[in-house]
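Encoded as C-alpha coordinates, the structure appears first; notes follow it.
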Amino acid sequence: MTLPVDAIQGLSAVLFGIGVFGFLARRNIILMFISVEVMLNAVNLSLAGFAWFLDDLRGQILALFVIALAAAEAGVGLGLVIALNRNKPGAAVADVTKLKW
Amino acid sequence: MSFQLWLLRLKQQFWRMSLLTAIFYYLAAASVASALFAVTRKNPVHSMLWVLALFLHVAGIFLLLGAEFLAAVQVIVYAGAILVFYLFVVMLLDLPVEVERPRFGSHWPVAAAVGACFAALVWLAQAPMRHPPGIAPGPAVERAATGGPARGSLAEIGAALFGPFAFPFELVSLVLLAAIVGAVVLARKRRALS
(Lines give C-alpha, C1' and ligand atoms only; values in the text may rest on other atoms or scores of the structure.)
Protein backbone atom coordinates (compact mmCIF):
# COMPACT_ATOMS: atom_id res chain seq x y z
CA MET A 1 0.00 0.00 0.00
CA THR A 2 1.28 3.42 -0.80
CA LEU A 3 -0.01 6.00 1.60
CA PRO A 4 1.70 9.24 0.66
CA VAL A 5 3.77 10.59 3.54
CA ASP A 6 2.84 14.14 2.58
CA ALA A 7 -0.88 13.37 2.93
CA ILE A 8 -0.53 12.08 6.49
CA GLN A 9 1.75 14.87 7.64
CA GLY A 10 -0.45 17.44 5.90
CA LEU A 11 -3.52 16.03 7.65
CA SER A 12 -1.64 16.24 10.92
CA ALA A 13 -0.68 19.87 10.26
CA VAL A 14 -4.27 20.81 9.34
CA LEU A 15 -5.69 19.14 12.47
CA PHE A 16 -3.10 20.93 14.58
CA GLY A 17 -4.06 24.25 13.04
CA ILE A 18 -7.73 23.58 13.77
CA GLY A 19 -6.80 22.80 17.36
CA VAL A 20 -4.81 26.04 17.68
CA PHE A 21 -7.73 27.99 16.25
CA GLY A 22 -10.17 26.37 18.67
CA PHE A 23 -7.91 26.98 21.64
CA LEU A 24 -7.51 30.66 20.83
CA ALA A 25 -11.04 31.41 19.69
CA ARG A 26 -13.31 29.52 22.09
CA ARG A 27 -14.36 31.18 25.32
CA ASN A 28 -15.40 28.05 27.16
CA ILE A 29 -12.64 26.41 29.20
CA ILE A 30 -13.88 22.89 28.52
CA LEU A 31 -13.95 23.49 24.77
CA MET A 32 -10.44 24.92 24.97
CA PHE A 33 -9.39 21.63 26.56
CA ILE A 34 -11.12 19.76 23.77
CA SER A 35 -9.10 21.81 21.27
CA VAL A 36 -5.94 20.76 23.10
CA GLU A 37 -7.03 17.14 22.65
CA VAL A 38 -7.43 17.78 18.92
CA MET A 39 -3.87 19.13 18.83
CA LEU A 40 -2.54 16.12 20.75
CA ASN A 41 -4.29 13.81 18.31
CA ALA A 42 -2.66 15.63 15.40
CA VAL A 43 0.75 15.09 16.99
CA ASN A 44 0.00 11.40 17.57
CA LEU A 45 -0.97 11.08 13.94
CA SER A 46 2.30 12.65 12.86
CA LEU A 47 4.29 10.35 15.16
CA ALA A 48 2.50 7.23 13.92
CA GLY A 49 3.00 8.39 10.33
CA PHE A 50 6.74 8.79 10.80
CA ALA A 51 6.89 5.46 12.62
CA TRP A 52 5.32 3.88 9.56
CA PHE A 53 7.39 5.59 6.91
CA LEU A 54 10.73 5.20 8.66
CA ASP A 55 9.83 1.69 9.86
CA ASP A 56 10.76 2.67 13.40
CA LEU A 57 8.81 1.70 16.50
CA ARG A 58 9.89 4.71 18.57
CA GLY A 59 7.25 6.97 17.06
CA GLN A 60 4.48 4.69 18.25
CA ILE A 61 5.97 4.40 21.73
CA LEU A 62 6.14 8.18 21.93
CA ALA A 63 2.51 8.40 20.81
CA LEU A 64 1.54 6.01 23.62
CA PHE A 65 3.30 8.26 26.13
CA VAL A 66 1.50 11.26 24.65
CA ILE A 67 -1.83 9.49 25.21
CA ALA A 68 -0.90 8.73 28.83
CA LEU A 69 0.08 12.36 29.41
CA ALA A 70 -3.12 13.53 27.73
CA ALA A 71 -5.03 11.51 30.31
CA ALA A 72 -3.04 13.17 33.09
CA GLU A 73 -3.64 16.59 31.56
CA ALA A 74 -7.38 15.95 31.31
CA GLY A 75 -7.50 14.88 34.95
CA VAL A 76 -5.67 17.91 36.34
CA GLY A 77 -7.30 20.36 33.92
CA LEU A 78 -10.83 19.24 34.64
CA GLY A 79 -10.08 19.24 38.37
CA LEU A 80 -9.13 22.90 37.93
CA VAL A 81 -12.34 23.56 36.00
CA ILE A 82 -14.41 22.06 38.81
CA ALA A 83 -12.51 24.11 41.41
CA LEU A 84 -13.10 27.28 39.38
CA ASN A 85 -16.74 26.40 38.94
CA ARG A 86 -17.13 26.14 42.67
CA ASN A 87 -16.03 29.74 43.07
CA LYS A 88 -17.88 31.12 40.09
CA PRO A 89 -20.51 29.10 38.20
CA GLY A 90 -19.94 28.72 34.50
CA ALA A 91 -16.89 27.87 32.45
CA ALA A 92 -16.12 31.08 30.60
CA VAL A 93 -12.50 32.17 30.55
CA ALA A 94 -13.61 35.81 30.57
CA ASP A 95 -14.93 35.31 34.10
CA VAL A 96 -11.62 34.08 35.43
CA THR A 97 -9.81 37.30 36.15
CA LYS A 98 -8.54 36.70 39.67
CA LEU A 99 -5.85 34.36 40.87
CA LYS A 100 -7.32 34.19 44.35
CA TRP A 101 -10.77 34.76 45.77
CA MET B 1 1.89 -19.12 -13.66
CA SER B 2 -0.47 -18.54 -16.50
CA PHE B 3 -0.86 -15.09 -17.87
CA GLN B 4 -4.50 -14.85 -16.85
CA LEU B 5 -3.79 -15.75 -13.26
CA TRP B 6 -1.05 -13.12 -13.19
CA LEU B 7 -3.45 -10.55 -14.62
CA LEU B 8 -6.06 -11.47 -12.03
CA ARG B 9 -3.59 -11.07 -9.21
CA LEU B 10 -2.44 -7.72 -10.56
CA LYS B 11 -6.03 -6.58 -10.69
CA GLN B 12 -6.66 -7.71 -7.12
CA GLN B 13 -3.54 -5.90 -5.96
CA PHE B 14 -4.66 -2.75 -7.73
CA TRP B 15 -8.13 -2.82 -6.19
CA ARG B 16 -6.78 -3.52 -2.75
CA MET B 17 -4.38 -0.60 -2.97
CA SER B 18 -6.85 1.86 -4.37
CA LEU B 19 -9.45 0.76 -1.85
CA LEU B 20 -7.04 1.39 1.02
CA THR B 21 -6.07 4.75 -0.43
CA ALA B 22 -9.73 5.66 -0.78
CA ILE B 23 -10.36 4.62 2.82
CA PHE B 24 -7.45 6.77 3.91
CA TYR B 25 -8.77 9.82 2.10
CA TYR B 26 -12.24 9.23 3.52
CA LEU B 27 -10.80 9.02 7.05
CA ALA B 28 -8.69 12.13 6.49
CA ALA B 29 -11.63 14.18 5.18
CA ALA B 30 -13.90 12.97 7.98
CA SER B 31 -11.21 13.79 10.57
CA VAL B 32 -10.83 17.35 9.33
CA ALA B 33 -14.59 17.84 9.14
CA SER B 34 -15.24 16.46 12.61
CA ALA B 35 -12.37 18.50 14.08
CA LEU B 36 -13.86 21.65 12.53
CA PHE B 37 -17.30 20.80 13.90
CA ALA B 38 -15.79 20.01 17.30
CA VAL B 39 -14.23 23.45 17.67
CA THR B 40 -17.18 25.38 16.22
CA ARG B 41 -20.33 23.82 17.75
CA LYS B 42 -22.10 25.90 20.33
CA ASN B 43 -23.31 23.12 22.59
CA PRO B 44 -20.39 21.51 24.50
CA VAL B 45 -22.01 18.07 24.29
CA HIS B 46 -22.23 18.31 20.49
CA SER B 47 -18.57 19.28 20.46
CA MET B 48 -17.73 16.20 22.50
CA LEU B 49 -19.62 13.95 20.12
CA TRP B 50 -17.78 15.44 17.14
CA VAL B 51 -14.46 14.99 18.86
CA LEU B 52 -15.48 11.38 19.50
CA ALA B 53 -15.93 11.01 15.73
CA LEU B 54 -12.48 12.55 15.28
CA PHE B 55 -10.90 10.07 17.73
CA LEU B 56 -12.49 7.09 15.99
CA HIS B 57 -11.40 8.24 12.54
CA VAL B 58 -7.85 8.85 13.76
CA ALA B 59 -7.91 5.32 15.22
CA GLY B 60 -8.82 4.11 11.73
CA ILE B 61 -5.82 5.93 10.28
CA PHE B 62 -3.64 4.32 12.96
CA LEU B 63 -4.88 0.94 11.76
CA LEU B 64 -3.95 1.84 8.18
CA LEU B 65 -0.51 2.84 9.44
CA GLY B 66 0.00 -0.57 11.00
CA ALA B 67 -0.25 0.77 14.55
CA GLU B 68 -2.79 -1.72 15.83
CA PHE B 69 -2.04 -1.35 19.51
CA LEU B 70 -2.08 2.43 19.22
CA ALA B 71 -5.48 2.25 17.53
CA ALA B 72 -6.84 0.09 20.37
CA VAL B 73 -5.42 2.46 22.98
CA GLN B 74 -6.87 5.41 21.10
CA VAL B 75 -10.35 3.89 21.22
CA ILE B 76 -10.13 2.60 24.81
CA VAL B 77 -8.30 5.46 26.50
CA TYR B 78 -9.23 8.47 24.40
CA ALA B 79 -12.74 7.66 23.24
CA GLY B 80 -13.51 5.49 26.24
CA ALA B 81 -11.95 7.12 29.28
CA ILE B 82 -10.91 10.71 28.56
CA LEU B 83 -14.03 11.66 26.63
CA VAL B 84 -16.36 10.16 29.23
CA PHE B 85 -14.45 12.18 31.81
CA TYR B 86 -15.06 15.37 29.82
CA LEU B 87 -18.74 14.51 29.44
CA PHE B 88 -19.03 13.92 33.18
CA VAL B 89 -17.55 17.34 33.88
CA VAL B 90 -19.90 19.00 31.37
CA MET B 91 -22.79 17.23 33.07
CA LEU B 92 -21.61 18.30 36.54
CA LEU B 93 -21.14 21.92 35.57
CA ASP B 94 -24.53 22.34 33.89
CA LEU B 95 -23.82 25.22 31.51
CA PRO B 96 -27.09 26.72 30.31
CA VAL B 97 -25.65 30.24 30.37
CA GLU B 98 -22.64 29.30 28.29
CA VAL B 99 -24.82 28.22 25.40
CA GLU B 100 -26.41 31.66 25.27
CA ARG B 101 -23.09 33.45 24.93
CA PRO B 102 -21.25 33.96 21.64
CA ARG B 103 -19.13 30.91 20.99
CA PHE B 104 -16.04 32.77 19.82
CA GLY B 105 -14.34 35.83 21.19
CA SER B 106 -14.36 38.88 18.98
CA HIS B 107 -10.75 38.12 18.11
CA TRP B 108 -11.59 34.92 16.26
CA PRO B 109 -10.23 36.01 12.84
CA VAL B 110 -6.84 36.51 14.49
CA ALA B 111 -7.16 33.04 16.03
CA ALA B 112 -7.98 31.57 12.61
CA ALA B 113 -4.96 33.31 11.08
CA VAL B 114 -2.71 32.04 13.87
CA GLY B 115 -4.07 28.51 13.38
CA ALA B 116 -3.43 28.64 9.64
CA CYS B 117 0.06 30.03 10.21
CA PHE B 118 0.77 27.26 12.71
CA ALA B 119 -0.34 24.58 10.26
CA ALA B 120 1.85 26.13 7.56
CA LEU B 121 4.75 26.33 10.01
CA VAL B 122 4.39 22.66 10.95
CA TRP B 123 4.25 21.73 7.27
CA LEU B 124 7.34 23.75 6.39
CA ALA B 125 9.32 22.65 9.43
CA GLN B 126 8.66 19.02 8.57
CA ALA B 127 9.68 19.40 4.93
CA PRO B 128 13.27 18.18 5.34
CA MET B 129 12.09 15.26 7.49
CA ARG B 130 9.34 14.00 5.24
CA HIS B 131 11.77 12.90 2.59
CA PRO B 132 15.05 12.39 4.42
CA PRO B 133 17.99 11.91 2.09
CA GLY B 134 19.71 8.56 2.35
CA ILE B 135 16.84 6.80 4.08
CA ALA B 136 14.54 4.82 1.88
CA PRO B 137 11.23 4.70 3.73
CA GLY B 138 10.25 1.07 4.05
CA PRO B 139 6.60 0.57 4.80
CA ALA B 140 6.09 -1.93 7.57
CA VAL B 141 3.96 -4.21 5.43
CA GLU B 142 6.90 -5.13 3.23
CA ARG B 143 8.95 -6.01 6.26
CA ALA B 144 6.15 -8.11 7.69
CA ALA B 145 5.90 -10.01 4.41
CA THR B 146 9.49 -11.16 4.84
CA GLY B 147 8.72 -12.66 8.25
CA GLY B 148 8.69 -11.31 11.78
CA PRO B 149 5.91 -9.47 13.54
CA ALA B 150 4.67 -6.26 11.98
CA ARG B 151 5.70 -2.96 13.51
CA GLY B 152 3.09 -1.90 16.01
CA SER B 153 1.94 -5.39 16.86
CA LEU B 154 1.33 -6.04 20.55
CA ALA B 155 4.41 -8.27 20.74
CA GLU B 156 6.78 -5.61 19.45
CA ILE B 157 5.25 -2.79 21.51
CA GLY B 158 5.39 -4.90 24.66
CA ALA B 159 9.00 -5.91 24.05
CA ALA B 160 9.95 -2.27 23.51
CA LEU B 161 8.03 -0.98 26.54
CA PHE B 162 9.56 -3.51 28.91
CA GLY B 163 12.97 -3.41 27.25
CA PRO B 164 14.61 -0.19 26.10
CA PHE B 165 11.69 2.00 27.17
CA ALA B 166 11.16 0.51 30.63
CA PHE B 167 12.39 3.60 32.48
CA PRO B 168 10.18 6.14 30.64
CA PHE B 169 7.30 3.71 31.01
CA GLU B 170 7.71 3.67 34.81
CA LEU B 171 8.10 7.45 34.82
CA VAL B 172 4.74 7.77 33.05
CA SER B 173 3.14 5.75 35.82
CA LEU B 174 4.60 8.23 38.31
CA VAL B 175 3.21 11.15 36.29
CA LEU B 176 -0.22 9.52 36.27
CA LEU B 177 -0.05 9.02 40.04
CA ALA B 178 0.85 12.69 40.48
CA ALA B 179 -2.07 13.65 38.21
CA ILE B 180 -4.50 11.54 40.24
CA VAL B 181 -3.36 13.12 43.51
CA GLY B 182 -3.39 16.58 41.95
CA ALA B 183 -6.90 16.16 40.56
CA VAL B 184 -8.23 15.02 43.94
CA VAL B 185 -6.53 17.88 45.76
CA LEU B 186 -7.77 20.47 43.27
CA ALA B 187 -11.36 19.31 43.04
CA ARG B 188 -11.79 18.59 46.74
CA LYS B 189 -14.13 20.78 48.70
CA ARG B 190 -12.09 23.06 50.93
CA ARG B 191 -13.04 23.48 54.54
CA ALA B 192 -13.66 27.09 55.36
CA LEU B 193 -10.63 28.67 57.00
CA SER B 194 -11.57 30.25 60.25
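The values are calculated or read from the model by the stated rules, or taken from the named source; none is laboratory data. Every value quoted in this text rests on a predicted model; they were computed, and no experiment measured them. Here the Cβ positions follow ideal geometry from the backbone for every residue, glycine too, while neighbour counts run over all protein chains shown.
Can you work out which of the residues in the stretch B:77-103 that are among the hydrophobic types (A, V, I, L, M, F, W, C) and modelled with pLDDT under 80 is farthest from B:Val51 (Cα to Cα)?
B:Val97
Among the residues that make up the stretch B:7-24, is at least one of them under 24 Å from B:Val90 (Cβ atoms) and in contact with a helix residue (DSSP H, G or I) (Cβ under 6 Å, 6 or more places away or on another chain)?
No - not one qualifying residue is present in the stretch B:7-24.
When you scan the stretch B:34-75, how many residues do you find that are acidic (Asp, Glu) and at pLDDT 90 or above?
Going through the stretch B:34-75 one residue at a time, the tally reaches 0.
State whether one or more residues within the stretch A:44-62 are more than 25 Å from B:Pro164 (Cβ to Cβ) and at the interface with chain B (Cβ under 7 Å from one of its Cβ atoms).
no
Which number in (1) assigned to a helix (DSSP H, G or I); (2) more than 14 Å from the chain's Cα centre (by Cα); (3) not aliphatic (A, V, I, L, M) marks the one condition that A:Ser46 misses?
It fails just one condition, (2).
Quick one: would you say B:Leu27 is touching a His at 6+ places or on another chain (Cβ under 8 Å) and either at pLDDT 95 or above or facing another protein chain (nearest Cβ under 10 Å) (or both)?
So B:Leu27 passes the test.
Tell me which residues, restricted to the stretch A:52-61, are under 21 Å from A:Ala7 (Cβ atoms) and either among the β-branched types (Val, Ile, Thr) or part of a helix (DSSP H, G or I) (or both).
A:Trp52, A:Phe53, A:Gly59, A:Gln60 - these are the residues of the stretch A:52-61 that are under 21 Å from A:Ala7 (Cβ atoms) and either among the β-branched types (Val, Ile, Thr) or part of a helix (DSSP H, G or I) (or both).
Pull up the stretch B:75-91, narrow it to residues that are within 7 Å of chain A (Cβ to nearest Cβ) and under 13 Å from the mean Cα position of the chain (by Cα), then point me to the one that is farthest from A:Ala92 (Cα to Cα).
B:Val77
Residue-wise test of (1) buried (at least 16 other Cβ atoms within 10 Å of the Cβ); (2) without any contact (Cβ under 8 Å) to a residue 24 or more places away in the chain; (3) in contact with a Phe, Trp or Tyr (Cβ under 7 Å, 6 or more places away or on another chain).
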| site | (1), (2), (3) |
| --- | --- |
| B:Leu27 | yes, no, no |
| B:Ala35 | yes, yes, no |
| B:Gly60 | yes, no, no |
| B:Gly66 | yes, no, yes |
| B:Leu70 | yes, no, yes |
| B:Val73 | yes, yes, no |
| B:Gly80 | no, yes, no |
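Please work out which residue is surrounded by the fewest Cβ atoms within 10 Å (Cβ to Cβ), limiting yourself to the stretch A:63-92 and to residues that are more than 7 Å from every other protein chain (Cβ to nearest Cβ) and in contact with a helix residue (DSSP H, G or I) (Cβ under 6 Å, 6 or more places away or on another chain).
A:Lys88
If you go through the stretch B:128-150, how many residues are modelled with pLDDT of 65 or more and in contact with a helix residue (DSSP H, G or I) (Cβ under 9 Å, 6 or more places away or on another chain)?
Residues meeting the conditions: 3.
I want to confirm something. Restricting to the stretch B:37-49 and keeping residues that are hydrophobic (A, V, I, L, M, F, W, C) and either surrounded by 19 or more Cβ atoms within 10 Å (Cβ to Cβ) or in contact with a strand residue (DSSP E or B) (Cβ under 7 Å, 6 or more places away or on another chain) (or both), which single residue is nearest to the other protein chains (Cβ to nearest Cβ)?
B:Val39
Given the criteria part of a loop (DSSP other than H, G, I, E, B), more than 7 Å from chain B (Cβ to nearest Cβ) and under 21 Å from B:Gly182 (Cβ atoms), does A:Leu99 qualify?
When the stated conditions are applied, A:Leu99 passes them.
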